[in-house]
Amino acid sequence: MSSNPVAETVASLMPRAKAELTELVAFKSVADFDQFPRSESEAAANWIVAALRAEGFQDVALLDTPDGTQSVYGLLPGPEGAKTVLLYAHYDVQPPLDEAGWDTPPFELTERDGRWFGRGTADCKGGFIMHLLALRALKANGGVPVHVKVIVEGSEEQGTGGLERYAEQHPELLAADTIVIGDAGNFRVGLPTVTSTLRGMTMMRVSVDTLAGNLHSGQFGGAAPDALGALIRVLDSLRAEDGSTTVDGLADGPAWEGLQYDEEQFRKDAKVLDGVSLIGSGTVADRIWARPAVTVLGIDCPPVVGATPSVQSSARALISLRVPPGVDAAEATKLLQAHLEAHTPWGARVRTEQIGQGQPFSADTTSPAYAAMAEAMAVAYPGQEMSYAGQGGSIPLCNTLAALYPRAEILLIGLSEPEAQIHAVNESVSPEELERLSVAEALFLRTYAAG
């Protein structure tokens, strides 16, 4: 990175950033309180409260959101008449999944191979540290030239909509001229990227019942309807022969016209095994950013170890459906529900339950804030121009904020580039990306304020 006072300040702050991220990663702040202690999330929220107060934020508060979790809010006043920028991150994280699959403990930040490993390092505790670094660099180099609001959510990964509903009930709280969502990522390390679209999502639990109780497969198998077999039939109906998502009545979105994703690079990023084909049709960018995608997240059934020779009476699965911009998530939910019911075989009893939902998002990339971010990223990443990409994931808050503040400009940046492996084992963050994006955010705030 070329010599720049802001960049030099951020570089000097990186050891402190690592120490703080180490503390924050140690909280097992998974907002599934049936499996993880609520106290862990509360402790993480209080850590963020203390960090904001230490930076001079006012009106710092723990917001009790309607889904039973807490978000953290703070205001850092800027010069009189300045613009207002809202900075977003979330402190809740995905479960660690198979802890034995981690090379190092998931809730202990560990450095190896030039990266920092640990759950939440990239998604999205690192995003909050990025905001802190940017603000500290500005304070050390002339001051923060805008009013800054910070909101750090406590249940983004659960998709339960707590912060969205809270914002709707308190519409003045998060009002801003521009909103920077620190929960996306560069297309790859070293390529500065703003995410311009997000797929929406719906999660649904489907349960199938066929018998009053399990039966001996030798005595009854062959005539007694197997609930697990019925569920497998239902789940198979959600994919065409090539693996494309097939939900009755749900159309594909238009072709993706932005940054393309080389298929061989995607295979490498996704760690697809040799000889295994990719699924779906069209370009990789079409498939992951502009088309619906169904994923079976889990199935409740007997494990292989300890299984008995039984015909199963009940089975259930959790299904995720991602939908691109232009598709209404609520309508997609209805279509998915109808599809599951229509494709359940043998007259089996089927029940569906919606677990979470978020609308897709598409940003206005012609706005002045995007020009300011492009200028900032060109400095933070010498020799590179800012790219636009989609993201297959969803951030439901984006649409809520866009509806509440239609004049606000919304930008999505962050640390979740492919090598970060968010939501998987061995999640990590590139400290170089954290440093450069912190510089970019600081320079963006300065450029945007002057525009």
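The values are calculated or read from the model by the stated rules, or taken from the named source; none is laboratory data. Values in this document were obtained by computation on a predicted structure and should not be read as measured data. Glycine gets a Cβ as well: all are built from the backbone with ideal geometry, and neighbour counts include every protein chain shown. Quick note on the areas: whole protein, heavy atoms, side chains included, nothing else; ligands and nucleic acids left out. Shrake-Rupley method; radii C 1.70, N 1.55, O 1.52, S 1.80 Å.
Looking at segment 148-159, can you tell me whether even one residue there is within 13 Å of L434 (Cα to Cα), in contact (Cβ under 8 Å) with a residue 40 or more places away in the chain and charged (D, E, K, R)? So that I can check it myself, show each step before the final result.
Initially, segment 148-159 is screened for residues within 13 Å of L434 (Cα to Cα), giving none.
No; the residues of segment 148-159 include none that is within 13 Å of L434 (Cα to Cα), in contact (Cβ under 8 Å) with a residue 40 or more places away in the chain and charged (D, E, K, R).
Looking across segment 219-228 at every residue that is touching a residue at least 12 places away in the same chain (Cβ under 8 Å) and over 14 Å from A307 (Cβ atoms), the one that is surrounded by the most Cβ atoms within 10 Å (Cβ to Cβ) is identified as A227. If you check L97 against the conditions, is it open to solvent by 10 Å² or more (accessible area, probe 1.4 Å) and modelled with pLDDT under 95? So L97 fits the description; yes.
Rundown of residues vs (1) touching a residue at least 12 places away in the same chain (Cβ under 8 Å); (2) assigned to a loop (DSSP other than H, G, I, E, B), yes/no style:
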position: V272; (1), (2): no, yes
position: G280; (1), (2): yes, yes
position: V296; (1), (2): yes, no
position: S320; (1), (2): yes, no
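Report yes if T69 is more than 24 Å from L434 (Cβ to Cβ), among the β-branched types (V, I, T) and at pLDDT 95 or above, otherwise no. Yes; evaluated as a whole, the condition is true for this residue. Among the residues making up segment 324-342, those that are open to solvent by 70 Å² or more (accessible area, probe 1.4 Å) and in a loop (DSSP other than H, G, I, E, B) are G326, D328. What's the number of the only condition in (1) under 20 Å from V296 (Cα atoms); (2) of a type in the set (A, V, I, L, M, F, W, C); (3) in contact (Cβ under 8 Å) with a residue 12 or more places away in the chain that L211 fails to meet? Checking L211 against (1) under 20 Å from V296 (Cα atoms); (2) of a type in the set (A, V, I, L, M, F, W, C); (3) in contact (Cβ under 8 Å) with a residue 12 or more places away in the chain, the one that fails is (1).
The residue pairs whose first member lies in segment 419-433 and is part of a helix (DSSP H, G or I), whose second member is of a type in the set (A, V, I, L, M, F, W, C), and whose beta carbons are closer than 7 Å, counting only pairs six or more residues apart or on different chains, are E419/V189; A420/A122; A420/V429; P431/M14; P431/W116; E433/V189; E433/L415. Contact map, segment 98-109: residues that are of a type in the set (F, W, Y) paired with residues that are at pLDDT 95 or above and open to solvent by 30 Å² or more (accessible area, probe 1.4 Å), Cβ distance under 6 Å, separation 6+ or inter-chain. Pairs shown: W102/V425; F107/A26; F107/K28.
Every listed requirement among (1) under 28 Å from E427 (Cβ atoms); (2) crowded, with 19+ Cβ neighbours inside 10 Å; (3) among the polar types (S, T, N, Q) is met by Q265 save one, (2). Scanning segment 1-42 for residues that are under 22 Å from the mean Cα position of the chain (by Cα), among the hydroxyl-bearing types (S, T, Y) and within 27 Å of R436 (Cα to Cα) yields a count of 2.
Here I48 fulfils each of the conditions (1) among the β-branched types (V, I, T); (2) over 22 Å from the mean Cα position of the chain (by Cα); (3) in a helix (DSSP H, G or I) apart from (2). Under the condition of being under 28 Å from the mean Cα position of the chain (by Cα) and in a loop (DSSP other than H, G, I, E, B), the residues counted in segment 226-260 number 21. Of K28, K18, all but one fail to be more than 16 Å from Q158 (Cα to Cα) and basic (K, R); the exception is K18. Among the residues here, T308 does not qualify as closer than 26 Å to A424 by Cα and modelled with pLDDT of 95 or more. Against the list (1) more than 30 Å from H216 (Cα to Cα); (2) touching a strand residue (DSSP E or B) at 6+ places or on another chain (Cβ under 9 Å); (3) open to solvent by 60 Å² or more (accessible area, probe 1.4 Å), the condition K271 fails is (2). Within segment 9-20, the set of residues being within 16 Å of E441 (Cβ to Cβ) and either free of Cβ contacts under 8 Å to residues at least 60 places away in the same chain or of a type outside the set (S, T, N, Q) (or both) comprises V10, A11, L13, M14, A17. Inside segment 394-407, residues that are of a type in the set (G, A, S), in contact (Cβ under 8 Å) with a residue 12 or more places away in the chain and open to solvent by 20 Å² or more (accessible area, probe 1.4 Å) make up a count of 1.
Checked against the criterion of being buried (at least 24 other Cβ atoms within 10 Å of the Cβ), touching a Leu at 6+ places or on another chain (Cβ under 7 Å) and closer than 19 Å to S196 by Cα, segment 418-430 has no qualifying residue. Considering only residues that are among the polar types (S, T, N, Q) and open to solvent by 50 Å² or more (accessible area, probe 1.4 Å), look in segment 31-50 and name the one that is farthest from G154 (Cα to Cα). Here the residue is Q35.
Can you pull out every residue in segment 70-92 that is outside any strand (DSSP E or B) and surrounded by fewer than 22 Cβ atoms within 10 Å (Cβ to Cβ)? If the condition is that a residue be outside any strand (DSSP E or B) and surrounded by fewer than 22 Cβ atoms within 10 Å (Cβ to Cβ), then P77, G78, P79, E80, G81, A82, K83 are the ones that fit.
Among the candidates A376, A372, A389, A442, the residue that is among the small types (G, A, S), crowded, with 22+ Cβ neighbours inside 10 Å, touching a helix residue (DSSP H, G or I) at 6+ places or on another chain (Cβ under 9 Å) and not in a helix (DSSP H, G or I) is uniquely A389.
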